[in-house]
Amino acid sequence: MAAIDPTARVAEGAAIGPQATIGPYCVIGPNVTLGEGCTLVAHVHVTGHTSIGPRTKIYPFTSLGTPPQSVKYRGGPTRLEIGAGCDIREHVTMNLGTEDGGGLTRVGDRGFFMVGTHVGHDCHVGDDVILANNAVLGGHVTLGNRVVLGGASAIHQFVRIGESAMVSGVSGVGADIIPFGFAIGQRAVLDGLNVVGMRRRGLTRDDIRRLRNAYRALFLGPGAFRERLARVEREFAGDALVGTVLDFIRAGQNRPLMHAAVESAPASGDDTASGSGS
């Protein structure tokens, strides 16, 4: 049975899972579904067509499922889906999707959303992501699994960030970031690979070496980028990890691809393309 504080307001029609806990002064709308074992600590607002997976914990003054911040939204029954085991801290906001953007904002499992983070309409966020304090996503952003965003980073609408990439704090991101990439700067540029993140994921030294070599060939080698891309496709044919990066690049369409600060610089050593991600 769910435990609901007497000061909470749970609308008729809301589906509350077993062992859920709804703390003081929470407000739950009629089209909300809370999974088994969810905890709403206090002063949490959940509205719209919103579903929250099992064991997710939500802290005070968070607002989930509110209408999109988009002038194109027409009031339709669009949705927000949040996965299992997420940790959603104070003052986080996540919006519904829009009719023209697919109608769904989706957040994966085990995400850690620190204070003041925002997930805009029609975003698709993978599993095991970390958004540090006040990191914000514009509409239609895609984050792959295990992405890490530093504090006060801002991601432009329609940007894609590939799996296991990291963005440094106080960075504005206006271009797609390759899987395993590390981006830094007020207007962020690639500064190598998220090597620490790759090690934590369990990639071997040989895996990291191959990805570094592919990175150098793509972003630090001679010639036009399309020529470098073709060379890397030939040289690393059959390599699944490098293939993940190449597939990501080929799939881009809405935003430009983020490049290194100085593409033409020679690759002079491991530190050139290693990055400092964590």
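Kindly evaluate residue 176 against the criterion of being at pLDDT 95 or above, out of contact with any His (no Cβ under 9 Å at 6 or more places or on another chain), crowded, with 23+ Cβ neighbours inside 10 Å and of a type in the set (D, E, K, R).
Numbers: at pLDDT 95 or above: yes; out of contact with any His (no Cβ under 9 Å at 6 or more places or on another chain): yes; crowded, with 23+ Cβ neighbours inside 10 Å: yes; of a type in the set (D, E, K, R): yes.
When the stated conditions are applied, residue 176 passes them.
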Discussion item. Suppose we filter 190, 229, 149 for residues that are surrounded by fewer than 21 Cβ atoms within 10 Å (Cβ to Cβ) and aliphatic (A, V, I, L, M); which single one remains?
Written reply: 229
Worksheet item: Can you pull out the residues in the range 33-65 that are closer than 14 Å to residue 19 by Cβ and surrounded by fewer than 23 Cβ atoms within 10 Å (Cβ to Cβ)?
Response: 35, 36, 37, 39, 53, 54, 55, 57
Response to the item:
Within the range 244-261, restricting to residues that are touching a residue at least 12 places away in the same chain (Cβ under 8 Å) and part of a loop (DSSP other than H, G, I, E, B), the one that is most open to solvent (accessible area, probe 1.4 Å) is 254
Practice prompt. With the condition kept exactly as written, say whether any residue in the range 51-74 is hydrophobic (A, V, I, L, M, F, W, C), touching a Pro at 6+ places or on another chain (Cβ under 8 Å) and free of Cβ contacts under 8 Å to residues at least 24 places away in the same chain.
Written response: no
Worksheet entry | Residues (free of Cβ contacts under 8 Å to residues at least 12 places away in the same chain and either under 29 Å from the mean Cα position of the chain (by Cα) or within 16 Å of residue 244 (Cβ to Cβ) (or both)) located in the range 214-229 | 226, 228
Worksheet item: Restricting attention to the range 182-195, does a residue exist that is closer than 24 Å to residue 97 by Cα and in contact (Cβ under 8 Å) with a residue 60 or more places away in the chain?
Response: no
Worksheet entry | Residues that are over 22 Å from residue 79 (Cβ atoms) and outside any loop (DSSP other than H, G, I, E, B), drawn from the range 1-22 | 3, 4, 21
Worksheet item: For the range 110-143, how many residues are over 21 Å from residue 254 (Cα atoms) and either in a loop (DSSP other than H, G, I, E, B) or touching a Cys at 6+ places or on another chain (Cβ under 8 Å) (or both)?
Response: 15
Discussion item. Of the residues 73, 25, only one is touching an Asp or Glu at 6+ places or on another chain (Cβ under 8 Å), in a loop (DSSP other than H, G, I, E, B), of a type in the set (Ser, Thr, Tyr) and surrounded by 18 or more Cβ atoms within 10 Å (Cβ to Cβ); which?
Written reply: 73
Fill in: Any chance residue 165 is surrounded by fewer than 19 Cβ atoms within 10 Å (Cβ to Cβ) and either within 21 Å of residue 196 (Cα to Cα) or out of contact with any helix residue (DSSP H, G or I) (no Cβ under 8 Å at 6 or more places or on another chain) (or both)
no
Discussion item. Six or more apart or on different chains, Cβ atoms under 8 Å: show the pairs whose first residue is in the range 1-18 and modelled with pLDDT of 95 or more and whose second is of a type in the set (Phe, Trp, Tyr) and open to solvent by 50 Å² or more (accessible area, probe 1.4 Å).
Written reply: 5/25; 7/25; 8/25
Practice prompt. Those residues that are touching an Asp or Glu at 6+ places or on another chain (Cβ under 8 Å), open to solvent by 50 Å² or more (accessible area, probe 1.4 Å) and assigned to a loop (DSSP other than H, G, I, E, B), I need them from the range 91-108; list them, please.
Written response: 102
Fill in: Close pairs from the range 127-153: first within 18 Å of residue 90 (Cβ to Cβ) and modelled with pLDDT of 95 or more, partner of a type in the set (Val, Ile, Thr) and surrounded by fewer than 24 Cβ atoms within 10 Å (Cβ to Cβ), Cβ under 6 Å, at least 6 apart
133/115; 152/170
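The values are calculated or read from the model by the stated rules, or taken from the named source; none is laboratory data. These figures come from a predicted structure and were not determined experimentally. Neighbour counts are summed over all protein chains in view; Cβ atoms, including those assigned to glycine, are modelled from backbone coordinates with ideal geometry. Side chains are part of the model used for accessible areas, which takes the heavy atoms of the whole protein and leaves out ligands, DNA and RNA. Shrake-Rupley method; radii C 1.70, N 1.55, O 1.52, S 1.80 Å.
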